Amino acid sequence: MAVQALRRFFDGDLWYSFRRSPTAMTAALVAFACIFGAVFAEWVAPHNPMDLATLELADARLPPAWLAEGSTKYLLGTDDQGRDILSALMYGSRISLFVGVASVLVSLVVGVSLGLLAGFVGGKTDAFIMRICDVMLSFPSILIALLIYGIGRALFPNAHETLAFAVLIIAISLTGWVQYARTVRGSTLVERNKDYVQAARVIGVPTLRIMRRHVLPNVTGPVMVLATIQVASAIIIEATLSFLGVGVPPTSPSLGTLIRVGNDLLFSGEWWITVFPGTMLVLIALSVNLLGDWLRDALNPKLR
Amino acid sequence: MTLKPTVLALALALSCGLAGAVTLRVANQGDAQSMDPHSLNETLQLTFTGNVYEPLVGRDKKLALAPILATDWKQTSPTVWRFELRKGVSFHDGTPFTADDVVFSLKRAAGEGSDMQSYTSPFKEVRKVGTHAIEIETLAPFPILPDVLTNVFIMSKKWCEDNKAVIPVDRRKGIENTASFKANGTGPFRLKERQPSARTVLIRNGTYWGKVDGNVDEVIFTPIGSSPTRVAALLSGEVDVIEPVPLQDIERIKSSPNLKVSQGPELRTIFLGMDQKRDELLFSNVKGKNPFKDKRVRQAFYQAIDIETIKSRVMRGASLPSALMVGPGIRGFTPEQNKRLPYDADAARKLLAEAGYPGGFEVGLNCPNDRYVNDADICQAVAANLARIGVKVNLQTETKNTYFPKILRRDTSFYLLGWTPSTYDAHNALTSLMATPTDKGQGQFNLGAYSNPKLDELTLKIQSETDQGKRNALIKEAFEIHANDIGHIPLHQQALASAMKKNVEITQLPDNFMPYKWATVK
């Protein structure tokens, strides 16, 4: 079954289009490298920057290995607490990717459900949901995330680290669901009046089942594209929140935290602390975005 | 089109009008929390409101006592001090300054909601003995009373009553009143504009009673929390003075031809405090008991901290590791007592095991991130140090606007604080930080409620001892007790650093006060 599915995939249009797009292949390669480093950080990274007990404060702010005072022990140098930058990048992008993917999943579920409901049921429900979307869209997403995060922290002032992560994920996902809801609603409006849906109705299939079994599979294409692109923007929102100092706790640095720490040292010539995490963030966001773009083109029959 | 020339002319007229005025633009890491001079006993708050309000007795540039609103003071009996008040002084709104205002202000400072109770706790009664004379009677002989009064500012009785500001703003309870946003003092500057956390403007008080050394007519105070932004503001000429200078940027600013850095030791001691009162810590995984009640745990924490590396790496050499809660320059400081327990992680692990925590435990550490020099970095380094002995620190760093109200509510298990004895005397540190907390104001900043009756007794004796030699011996004994108990974990005295344009002359005292009346722009 799995083999067949794989064969079908490699024989299919998607793989063909992928092979013919150097941009997509490069992006996939970069994204793969980043994700690999992040997921297998425990085994790949030379140090563990999350384990406070192993930090050597005496080694703080060492430059990259190829500079005069650098040490081969720390390939890309160390930050102000003596964390190895290379390892911190791997662990940091893991946090960023985790928060990014998790918040996209949450906003995907919320957005798709509400979009389906709005499109399929219509009427007042539709109007209500869409007005909420309009309101949400009229604010910059970072503002909404800050607001929700602030409320979350006020409700649980002494939140444990794990809860802080949960609040962060919810804050980011609640800003992202609108895109899904709008996209899905649009597609649903089209699908709703098609013959197969009418047929299902006529034979008495319950509404929920029609929505799930018949409409949903036909609106997933654009959602997949959107989700890929949203991962990149979720990572950037997380980085922004951490940069502003309200994101993840300082002892488990994400890319945004690392950039903020480096930002304080920008004028003093210790550039590596901010440049490397910054580059990493660009690489992840860019590669994921390019993949999303390619996916959109590949899935769009009109562009084929 | 016809409008434009008018606007231009107006702008021109305005700029001409202001051309003669000297403006000083100051950027600080944080903002004064309120304009109410009794609301928070914190240096920035006091130095800023000290431009608008004045005490009876102040300090000159050499830190010696100087007459401000009182022209003369003397002890008429061991427990009574008499102050002759300055005549011909009026508040910014024109009300004349009299003894009633002093009696009112000292009562306000001693009353509910005030953060200045640690200064007024030895008072028994404040009496008016003439329109321009008052007497303060203390519970016990109190030789350093004039020193203690230097931070208690005088407000107008009439103005406070008219504006419903008779009770101080209480930041802990989030209570604000008119005195938060408006001010009516006798000082050399008037408050012109107040936008909390954004911009505060002071203008020179034209009818000031005294002579002003500086030439500044207007001060625009802007809090800029982010260090690189603050430095960039100075480099670009957007502000004239920044304080503090991030340690990493000192060299860069020194190398600029138009800027200078002024550096010196500060009287502030940075230390860690631990909740030793509650039977169970608020933020810990140890249930049913409080590990900090065990001296071995406190000592383990102390010895786990590698203060020299914090000095060289986090503070870039700009700190003085300390074993005492006061630093050099404070009356009662004895250099031979200033010997820290050695940094020894193995000994610390052993102590922790003996106390019954061989695998360590978890505890929350509260820390400001915009108050002291590299405060959040110090806490991260401490967290890393403690991780080595198995203690997992859940670090929470936050801005001082949320940090101070929280820890002053004693909503913490383990915290970082800095303290400058505002009287330049060890007694202030003893009574504020180390004495057992009472509702009278003693131990008001002893947030972990460290308590030793012997130290309390000595503190009272020190308060009334007039013989300097005996007094120093008592202080030494009290410090000995505190160090022995490891009541707190002293870390270091930080260095002061501010940077300014070369044409700006400011006077910054070692207690971090920077009165604008002594600022000159050439």
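Each value in this text was obtained by applying a stated rule to the coordinates, not by laboratory testing. Note that the structure is predicted; figures quoted are calculated from it, not measured. Cβ atoms come from the backbone with ideal geometry, glycine included; neighbour counts cover every protein chain shown.
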- Query: Most fluctuating residue of A:L281, A:L108, A:L117 in a GNM of chain A with Cα springs under 10 Å: which is it?
  - Reply: A:L117
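How would you order A:123-135, A:265-277, B:131-143, B:265-277 from highest to lowest mean count of nearby Cβ atoms within 10 Å? Before the final figure, lay out each step's value.
Numbers: A:123-135: 13.5, A:265-277: 20.3, B:131-143: 18.3, B:265-277: 23.0.
Peptide ranking by packing, descending: B:265-277, A:265-277, B:131-143, A:123-135.
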- Message: When the expected Rg is taken as 2.2 N^0.38 Å, what fraction or multiple of it is the alpha-carbon Rg of segment A:1-113?
- Response: 1.48
- Fewest-first ranking of B:K254, B:K476, using other Cβ atoms within 10 Å as the exposure measure: B:K254, B:K476
- Sites B:V129 and A:L75, calculated FRET efficiency, Cβ-Cβ separation with R0 45 Å, nearest 0.05: 0.05
- Dipole of segment A:195-275 (Lys/Arg Cβ +1, Asp/Glu Cβ -1, origin at the Cα centre): which of A:L265, A:P250, A:L216 lies farthest to the positive side? A:L216
- Message: Neighbour counts of other C-beta atoms within 10 Å: give me B:T150, B:T431, A:T220 arranged from fewest to most.
- Response: A:T220, B:T150, B:T431
- Query: Among B:K62/B:K87; B:K157/B:K517; B:K339/B:K476; B:K295/B:K392; B:K107/B:K440; B:K128/B:K158, which pairs are too far apart, with a Cα-Cα distance over 23 Å?
  - Reply: B:K62/B:K87; B:K157/B:K517
- Item | Residue-wise HN-Hα coupling along segment B:145-152, computed from phi with Karplus coefficients 6.51, -1.76, 1.60 (Hz; x: Gly, Pro) | 3, x, 4, 5, 7, 5, 10, 9
- Query: Of A:G92, A:T72, A:F139, which is farthest along the charge dipole of chain A in the positive direction, counting Lys and Arg as +1 and Asp and Glu as -1 at C-beta?
  - Reply: A:F139
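Beyond 46 Å, what percent of the Cα pairs of the protein assembly as shown remain? Could you put the intermediate results ahead of the total?
Details: 121814 of 340725 pairs.
Counting every Cα pair in the protein assembly as shown, those more than 46 Å apart make up 36 percent.
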- Message: Taking only complete DSSP H runs, can you tell me which helices of chain B stretch 15 Å or more along their own long axis by Cα positions and average at least 0.5 on the Kyte-Doolittle scale?
- Response: B:3-19, B:375-387
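Across peptide A:73-83, how many C-beta atoms of other chains are within 10 Å of each residue C-beta, on average? Walk me through the numbers on the way to the answer.
Details: counts 0, 0, 0, 0, 0, 0, 0, 7, 7, 5, 2.
Mean shielding count: 2.
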- Simple label model, 7 Å out from Cα along Cβ direction - B:D162 to B:E477, nm: 5.3 nm
- Message: Positive end of the dipole of chain B, charges at C-beta (+1 Lys, Arg; -1 Asp, Glu), about the Cα centre: which of B:L408, B:A183, B:I242 has its Cα farthest in that direction?
- Response: B:I242
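In cubic angstrom, how much convex hull volume per residue do the alpha carbon atoms of segment B:231-299 span? List each step's numbers first, then the result.
Working: hull volume 11.9 nm³, N = 69.
Each residue corresponds to 173 Å³ of Cα convex hull volume.
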- Item | Projected label distance in nm at B:L63 and A:V282, using a 7 Å step from Cα toward the beta-carbon | 5.0 nm
- Message: From the helices alone, meaning DSSP H stretches of at least four residues, give me the mean residue ellipticity at 222 nm for chain B, per-run term -39500 (n - 2.57), in deg cm²/dmol to the nearest 500.
- Response: -8000 deg cm²/dmol
- Query: Add -39500 (n - 2.57) for each DSSP H run of 4 or more in chain A, then divide by its residues: what number comes out at 222 nm, to the nearest 500 deg cm²/dmol?
  - Reply: -23500 deg cm²/dmol
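Explain nothing, just the number: dipole magnitude of the protein assembly as shown about its Cα centre with +1 on each Lys and Arg Cβ and -1 on each Asp and Glu Cβ, in debye rounded to the nearest 20. Walk me through the intermediate numbers first.
Working: 88 positive and 77 negative charges, 360 e Å.
Its charge dipole is roughly 1720 debye.
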